[in-house]
There are 2 protein chains.
Amino acid sequence: MLSQASIKSVLFTEGFLHNKVKINREVTLQTEYEQLLQTGRLYCMRMDWKENKPNRPHQFWDSDVAKWIEACAYSLATHPNNELIKKVDEIIDIMEKSQMEDGYLNTYFQTVAIGDRFKNLKNNHELYCAGHLIEAAIAYYETTKKNKFLDIMCRYANLLCVIFGTEKGQLHGYPGHEEIELALIKLYRVTTEKKYLNLATYFVLERGKQPNYYDLEKEKASDHISFYDYVIPSLKRHAYIQAHKPILQQTEVVGHSVRALYYLSGIADVAYETNNRELMKTCHRLYSDLVQKKMYITGGIGSSLKVESFSFEYDLPNDIAYAETCAAIALVFFTNRMFLYESDSKYIDTLERVLYNGVLSGMSLDGTSFFYANPLEVKKRAVDMDVLGLKPHMGYGRKKWFGCACCPPNIARLLSSLGSYVYATNNHDIYISLYTSSSFTNKDTTLLVKTNYPWDETININMNQVSNSFSTLYLRIPGWCKEYTLKVNGQNIASTLEYGFLKITRSWEKGDNVTLILSMPIIKIISNPNVRQNINKLALQRGPIVYCLEQVDNLDDLFSLYISKDDKFSHHYDKSLLGGCTYLTGHVKKIVSNHELYSQVSSVTYEDTTIKAIPYALWTNRQPGDMIIWINRRYE
Amino acid sequence: MLSQASIKSVLFTEGFLHNKVKINREVTLQTEYEQLLQTGRLYCMRMDWKENKPNRPHQFWDSDVAKWIEACAYSLATHPNNELIKKVDEIIDIMEKSQMEDGYLNTYFQTVAIGDRFKNLKNNHELYCAGHLIEAAIAYYETTKKNKFLDIMCRYANLLCVIFGTEKGQLHGYPGHEEIELALIKLYRVTTEKKYLNLATYFVLERGKQPNYYDLEKEKASDHISFYDYVIPSLKRHAYIQAHKPILQQTEVVGHSVRALYYLSGIADVAYETNNRELMKTCHRLYSDLVQKKMYITGGIGSSLKVESFSFEYDLPNDIAYAETCAAIALVFFTNRMFLYESDSKYIDTLERVLYNGVLSGMSLDGTSFFYANPLEVKKRAVDMDVLGLKPHMGYGRKKWFGCACCPPNIARLLSSLGSYVYATNNHDIYISLYTSSSFTNKDTTLLVKTNYPWDETININMNQVSNSFSTLYLRIPGWCKEYTLKVNGQNIASTLEYGFLKITRSWEKGDNVTLILSMPIIKIISNPNVRQNINKLALQRGPIVYCLEQVDNLDDLFSLYISKDDKFSHHYDKSLLGGCTYLTGHVKKIVSNHELYSQVSSVTYEDTTIKAIPYALWTNRQPGDMIIWINRRYE
């Protein structure tokens, strides 16, 4: 297993990711704090809410606060901030006072639904909140070395170890919304307490066994029927929450996409820690199903708007795409784990795709507003008239906050910890997974990376400090890259490609310089013809960046544009456009239409026109309008 | 103005329409009676429903019964049936007893919402029910000459004339769901009572004036906010019910499509009867908007599934098409009126398109089940998983009945009266609008038409009996027909084309024989490129029939099929297929796919395959599966 870089060891110095991380640290963390405060989420853990008072706590409120604390903790690792620490410590003090004697801690069940704890695991997000609090506690402990929050969560986890399991007298259940599994593995790793690993393993493997726990639970819980039971009859049998059969028997990734990917993350962790090869094979099987049949070109997943879930294979509608920001983030979590366990760059290919497109689209340039859903096509009139049956939070434009506010603090914690995804290590070896201007220090070796990736092809790596223990540098060659050149100190050198990484072993010296050039032609992408929504359409990509057309840059009617496989495009870096980015231009055609609604087929007439494409991740940062990723294909 | 043929004067003898009318008469009328009985609709006019009893009457129940009576009345005109008369008379007797002293008659407001009459015109369907009852009463009177029902409805209409109008003390309102307008014109024509014309004129012209009546009404009515006010914010300002501005200022057909077309029918009637040329111009304007921008190739209208309404121009989604059967029927009503007023075949072109496709698709071959919505594309897995956000009544397959049961009795009354759409007269002239084997008698002239249209090109018309008064025969040349031949008694004759009709004036004699051959090549249709949902797609049509591909006849994956503009198709009549119809076959291509979800563009590889297409009107009469009308276009 590779070691993920510690957050502290990576410093972003400039460029696209640097700017995102900076705005997150300097703006987003503060605006989210204010939202948590205003909506009552922040202090509800005082457990002083009473019936008829405002700000009635909701089942998942604890998780919103937890994710924000986690985001703060990661940020503090590289950017100390006493005021932030004070804010977090205040909440932790409240939690300490509010924790019940037996270790239980959940605002909703200590204020609104007293006495109902663990009675409705299917719908009530109780273990989900516990998982997020555990992750936050570990992050805060690792950054600050303060152990109060970690101790609180260990007490809660100890209670869970007593309550859940296969023994007589224990509840044989598991969470309706997965998350606790991966959190317990983290807790096991930080505490070395085996029982946390055992509980995670239990949750992963017990799920979906017969008789189904939720069927048994339903007989007792009056509120057991959820919204989703009504709207998705075909998924009634628990597939929506991945509990339709034991995980080892599952062949397809199904149901609510955030749950599915949090679950898969926990499964991968348990598979690795328990050396369960069948379980790891399950990860491979579901991963293949996902990337080969159920993922948008943006890396977005969960194409069913109506139920926030995976649809059937190859069903990837662009206009009613859900592609929740949280699901994109969850895909980062899962692919990162798989990469660490298997050292295979293919997982980073997916991670990079979703990060640079489907994740970063979720936050505005100024860091203050967010997308819940990330559609790949917007016809503004259809949104305004709501002829697509969109959910209320899917109206045009990003929003400051949501009633169900999972996405904003989730993207904040990912961006705060982003440094740890850039590098990985294996004893004396260093892996560079993502290219971005930054420094990385590992065991007295310090690399300085300088690049304008993803806009530029060239990556410079300077050995600022080298220890004797450093032997091999692994440089990722992205899956989209078909040609590259490598030089060390200006000389071409021989190197082998190993699972998508160039392996450079040598006796490194301070000042050694590595130059990698990843050829970035503009490529036109087609979907598998089974994706009926993208038939006779093309998309534009350069490097890891998926491009879109926004109305503000183009003709009013984006659907009148046609591109052929041979149309020439050029790329242009503009430091003043959308915070600095590379846009594409090209000579294409516009269809000429007559006035008939229906007419006998004839040859098509086109006019010349030009288009300008911008990175999808940066759309909706100017005036509102239509947007498309998939452009009509012209055949010549 | 042309005179519509009386129902009694037309007898279907064989063929497609004959079979539809026969099954409607022999099966549908009876099964609908049973549904009305079982659901409590039939006897609720006894006004004996009490709180907590079953079968609580709904606001539009009276209209369901009315349309069924109207259907029976038309059927009785050609096929006397004492048992049916007994059933209808029983209901009429009940109505007579239940009618209030002042003439008021409405089950909902005489049982459920006593005291609320005319307080919420916007939502409560009160005048809509009155309109349907009036239409039924006139139909029953005209067939049976019994005047009890007509007298009842005259008394009710007289009350409406007192209550509504511009005078002080009158309500200045108009119906939330139009229908009363066209009914009052019918009543005026049958009674010659001018006040009914005046009230219809008032309803047509008052609508949408400022201050808006619904704004005033809202201040008093507690239940004034309807479902639609929530779901269509952009249409809040009354456009959903065509009351956003006075009709003379309206330039687009908007809102709920059934309401819009019932309204337009009433507008055309009032324009004609009051010789209001501006009003008739409004009909032209909205008709052009409809047929040039807002109508499916099937003639279906109302593309917004969510709110049963028109969407913006060229927004014609195939999978979430609403295209309600009632809206298609309403389009028949409007285009028929426009044809009668203007003698222009272009209206029959639309009528024929919607009748043979978007209307007849609404009823199963056996006459017992119905579509509410008529989508143009079905991916059964998407329907089963409900990833499209479909309404409950849009699940796969036709249904026996609906909670809101407008469509079944509406199609029944159209089919019962279908004969009257086939012919029209103008003093001594006879117009043939629709070709179908039938006889027609007008002023001692009897024509016998023999044809297997719409499957066959040849139409034979025999003068079975000729009176001196008969001078000109007008034969419609459909808009889709580019070549035809005409012979009289085996000889080519000269004839002129006048507004889409061949005009044949001669001294007719008994036994004269006219043969018209309408060339029916299979044509491939493209949509206007502004219809983004049909880009790079083709549809197949032959004669007035729009074809579809059903999974049962073809490859499993209909979306893998590609046709080019030059692919050759042939047609085949099969008397045992779907009650007898012409299907199409052709050699087309199937795309070859690799396993990649996304890959760099390359030339497309195809394999040869064949397809079989059946008339859209006949789909879902065999085993369930996918269906498409618009097929991927291949360019060669």
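The values are calculated or read from the model by the stated rules, or taken from the named source; none is laboratory data. This structure is a prediction, so every number in the text was calculated from the model and none was measured. For neighbour counting, all protein chains shown are included, and Cβ atoms are generated from backbone atoms with ideal geometry for every residue, glycine included.
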Report task. Scan segment A:516-536 for residues that are more than 8 Å from chain B (Cβ to nearest Cβ), surrounded by 21 or more Cβ atoms within 10 Å (Cβ to Cβ) and either of a type in the set (Lys, Arg) or not in a strand (DSSP E or B) (or both) and jot them down. Result -> A:Met520, A:Asn534
Query raised in the report: Restricting attention to segment B:277-300, does a residue exist that is small (Gly, Ala, Ser) and part of a loop (DSSP other than H, G, I, E, B)?
Result: yes
Report task. Out of the residues in segment A:439-482 that are of a type in the set (A, V, I, L, M, F, W, C) and either touching a Pro at 6+ places or on another chain (Cβ under 8 Å) or in a loop (DSSP other than H, G, I, E, B) (or both), state the one that is farthest from A:Tyr421 (Cα to Cα). Result -> A:Val466
Query raised in the report: Within segment B:92-115, is even one residue part of a helix (DSSP H, G or I), at pLDDT 95 or above, under 22 Å from B:Tyr196 (Cα atoms) and over 29 Å from the mean Cα position of the chain (by Cα)?
Result: yes
Report summary line: Picking from A:Asp512, A:Asp456, the residue that is more than 14 Å from every other protein chain (Cβ to nearest Cβ) and under 21 Å from A:Ser345 (Cβ atoms) would be A:Asp456
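Okay, residues lined up against (1) surrounded by 22 or more Cβ atoms within 10 Å (Cβ to Cβ); (2) closer than 23 Å to A:Ser420 by Cα; (3) charged (D, E, K, R):
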residue	(1), (2), (3)
A:Pro317	yes, no, no
A:Phe334	yes, yes, no
A:Ser343	no, yes, no
A:Lys346	no, yes, yes
A:Gly367	yes, yes, no
A:Val378	yes, no, no
A:Leu390	no, no, no
**Report entry** Members of segment B:29-62 that are among the hydrophobic types (A, V, I, L, M, F, W, C) and closer than 25 Å to B:Leu84 by Cβ
**Finding:** B:Leu29, B:Leu36, B:Leu37, B:Leu42, B:Cys44, B:Met45, B:Met47, B:Phe60, B:Trp61
Requested in this report: Give A:Asp48, A:Asp62 a once-over and let me know the one that is out of contact with any Asp or Glu (no Cβ under 6 Å at 6 or more places or on another chain), of a type in the set (D, E, K, R) and assigned to a helix (DSSP H, G or I).
Outcome: A:Asp62
**Report entry** Whichever residue in segment A:594-620 is closer than 15 Å to A:Leu584 by Cβ and among the aromatic types (Phe, Trp, Tyr) and, among such residues, is farthest from the other protein chains (Cβ to nearest Cβ)
**Finding:** A:Trp619
Report summary line: Selection from segment A:383-396 of residues over 18 Å from A:Ser304 (Cβ atoms) and in contact (Cβ under 8 Å) with a residue 24 or more places away in the chain yields A:Tyr396
Report summary line: The number of residues in segment B:234-276 that are modelled with pLDDT of 95 or more, part of a helix (DSSP H, G or I) and polar (S, T, N, Q) is 3
Query - Subset of segment A:603-629 (residues that are of a type in the set (S, T, N, Q) and either within 29 Å of A:Lys400 (Cα to Cα) or in a loop (DSSP other than H, G, I, E, B) (or both)) - result: A:Ser603, A:Thr605, A:Thr620, A:Asn621, A:Gln623
**Report entry** Verdict on B:Phe501 being within 14 Å of chain A (Cβ to nearest Cβ) and touching a residue at least 60 places away in the same chain (Cβ under 8 Å)
**Finding:** no
Requested in this report: Mind counting the residues in segment A:272-317 that are out of contact with any Lys or Arg (no Cβ under 9 Å at 6 or more places or on another chain), polar (S, T, N, Q) and closer than 19 Å to A:Pro529 by Cα?
Outcome: 2
Requested in this report: Filter segment B:563-580 down to the residues that are surrounded by 12 or more Cβ atoms within 10 Å (Cβ to Cβ) and closer than 24 Å to B:Ile526 by Cα, then identify the one that is farthest from the other protein chains (Cβ to nearest Cβ).
Outcome: B:His572
Requested in this report: Output the residue which, of all residues in segment A:403-427 that are modelled with pLDDT of 90 or more and more than 18 Å from the chain's Cα centre (by Cα), is nearest to A:Arg622 (Cα to Cα).
Outcome: A:Gly403
Query raised in the report: What about B:Lys589, is it part of a strand (DSSP E or B), within 8 Å of chain A (Cβ to nearest Cβ) and basic (Lys, Arg)?
Result: no
Report summary line: Flagged pairs (Cβ under 7 angstrom, 6 or more apart or on separate chains; first in segment B:478-492, farther than 11 Å from B:Asn460 by Cα; second at pLDDT 95 or above and among the basic types (Lys, Arg)) are B:Gly479/B:Lys346
Query raised in the report: So, in segment B:291-307, of the ones that are touching a residue at least 24 places away in the same chain (Cβ under 8 Å) and either hydroxyl-bearing (Ser, Thr, Tyr) or more than 20 Å from B:Trp630 (Cβ to Cβ) (or both), which residue ends up nearest to the other protein chains (Cβ to nearest Cβ)?
Result: B:Lys306
Report summary line: Checked pairs for segment B:602-615, first among the charged types (D, E, K, R), second assigned to a strand (DSSP E or B), C-beta under 6 Å and 6 or more apart or across chains, list as B:Glu607/B:Lys590; B:Lys612/B:Tyr583; B:Lys612/B:Thr585
Requested in this report: Take segment A:592-602 and flag every residue that is out of contact with any Phe, Trp or Tyr (no Cβ under 7 Å at 6 or more places or on another chain) and part of a loop (DSSP other than H, G, I, E, B).
Outcome: A:Ser593, A:Asn594, A:His595, A:Glu596, A:Leu597, A:Val601, A:Ser602
Report task. Could you name every one of the helices (runs of 4 or more DSSP H) located completely within segment A:308-396 that has at least 1 residues being away from chain B (no Cβ under 14 Å) and touching a Gly at 6+ places or on another chain (Cβ under 8 Å)? Result -> A:325-342, A:345-353
Report summary line: Only one of B:Leu76, B:Leu127 is in a helix (DSSP H, G or I) and farther than 30 Å from B:Glu219 by Cβ, namely B:Leu76
